[in-house]
Amino acid sequence: MTERIGAFFDFDGTLLETDSAKQGIKFLWETGLAPLPYILKVWGSSLLYKRHLLSETAMARILLSFYRGKPLDPFVDGICEFYEDMIRPQLAKNILERFLEHKKQGHVTVLISGSLRYTLEPVRADLGFDHLLCSDLETGPDGMLTGRTRGPLCIEEEKVKKARALAESENIDLARSFAYGNHQADIPLLSMVGNAFAVEPTDPLRKKADQMDWPILSYR
């Protein structure tokens with residue numbers, strides 16, 4: 001069987017020019033769904049995260065705490081409108097064009113992100129990704145969300161683990177495949193493939209890209 005070529009796209013800050021969590025917090029604030037103390041905590045944590053003083057895992061845990069004790073259905077019910085209004089307009093033109101070119105060439109397209117499944121399903125459906133690898137919210141025995149993920153967050157080495165498992169099941173040749181990321185947490189994923197691209201990279205990723213001779217892409 002002929003091995004296939006994969007194209008792995010990170011979402012936040014890569015295919016999306018901004019951060020979907022940032023857009024989500026904005027939406028929650030404007031609709032009055034999130035309390036002020038939570039908004040302030042996220043805002044302060046975001047400043048630390050941007051300065052690389054807070055890990056992606058720690059930032060994710062802070063964001064996930066919002067879901068504790070809530071049902072999932074209301075979030076799912078409103079996600080398509082949120083995608084159309086606040087996410088789709090922020091898709092990066094240059095990276096989206098690369099995604100469409102990979103599809104045209106028959107490559108296996110994979111959206112791989114630490115973000116939550118319910119927020120990414122509209123992206124997968126709208127753009128036509130072949131596969132979605134991401135984080136899933138955990139539900140407790142009472143049917144309410146726990147504020148944690150079911151299994152590990154899909155970041156760093158977990159991204160690689162999921163991507164390798166998919167490559168094995170779909171007969172993808174990683175040495176000929178492509179990956180796109182924007183953050184130093186994407187370095188393990190980018191290092192996994194033969195064709196890595198840094199998109200509007202953070203300073204640590206830019207340094208690594210220079211060392212590895214990975215091309216650097218802009219959003220537009």
Subject >> Per residue, in Å², the accessible surface of the chain once ligands and nucleic acids are set aside, probe 1.4 Å >> reply: 51
Subject >> Sequence-distant residues sharing a close amide H with I172 (under 5 Å, placed H) >> reply: R4
Original post:
Could the peptides 9-17, 132-140, 35-43 be put in order, highest first, of the mean number of other beta-carbon atoms found within 10 Å of their residues?
Top reply: 9-17, 132-140, 35-43
**OP:** When a/c is below 1.5 the answer is rounded, else prolate if a/b is larger than b/c, else oblate, so apply that to the range 169-209 with a ≥ b ≥ c taken from the square roots of the Cα gyration tensor eigenvalues.
**Re:** prolate
Original post:
With charges only on Cβ, +1 for K and R and -1 for D and E, what is the dipole size of the chain about its Cα centre, in debye, rounded to 20?
Top reply: 440
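Would you mind classifying the range 44-86 by shape? Square roots of the alpha carbon gyration tensor eigenvalues, ordered a ≥ b ≥ c; an a/c under 1.5 is rounded, otherwise it is prolate if a/b is larger than b/c and oblate if not.
oblate
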**OP:** Express as a percent, rounded to the nearest 5, the fraction of DSSP beta bridges in the chain (both residues included) that run antiparallel.
**Re:** 15
**OP:** Please report, as a whole percent, how much of the solvent-accessible surface of the chain comes from carbon and sulfur atoms (probe radius 1.4 Å).
**Re:** 52
Original post:
Of (1) 13.7; (2) 12.2; (3) 13.0, which one was derived for mean projected area of the Cα convex hull in nm² from the structure shown?
Top reply: (2)
Subject >> Ordering of 56-64, 72-80 by packing [mean C-beta count within 10 Å, highest first] >> reply: 56-64, 72-80
Subject >> Summed residue charge, Cβ within 15 Å of P152's Cβ, Lys/Arg positive, Asp/Glu negative >> reply: +2
**OP:** With r as the distance between the Cβ atoms of D130 and R68 and R0 = 45 Å, compute the FRET efficiency 1/(1 + (r/R0)^6) and round to 0.05.
**Re:** 0.85
**OP:** Kindly flag which residue pairs out of K22/K70; K161/K207; K50/K159; K104/K162; K26/K162; K26/K103 have an alpha-carbon separation exceeding 27 Å in this structure.
**Re:** K26/K162; K26/K103
**OP:** First check a/c for the range 144-220, with a ≥ b ≥ c the square roots of the eigenvalues of its C-alpha gyration tensor; if it is under 1.5, answer rounded, and if not, answer prolate when a/b is larger than b/c or oblate otherwise.
**Re:** oblate
Subject >> Gain upon complete extension [M212, S191; 0.36 nm per residue less C-alpha separation] >> reply: 6.7 nm
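The values are calculated or read from the model by the stated rules, or taken from the named source; none is laboratory data. These numbers come from a predicted model, not from an experiment. We place every Cβ from the backbone using ideal geometry, glycine too, and count neighbours over all the protein chains shown. With ligands, DNA and RNA removed, areas are computed over all heavy atoms of the protein, side chains included. Shrake-Rupley method; radii C 1.70, N 1.55, O 1.52, S 1.80 Å.
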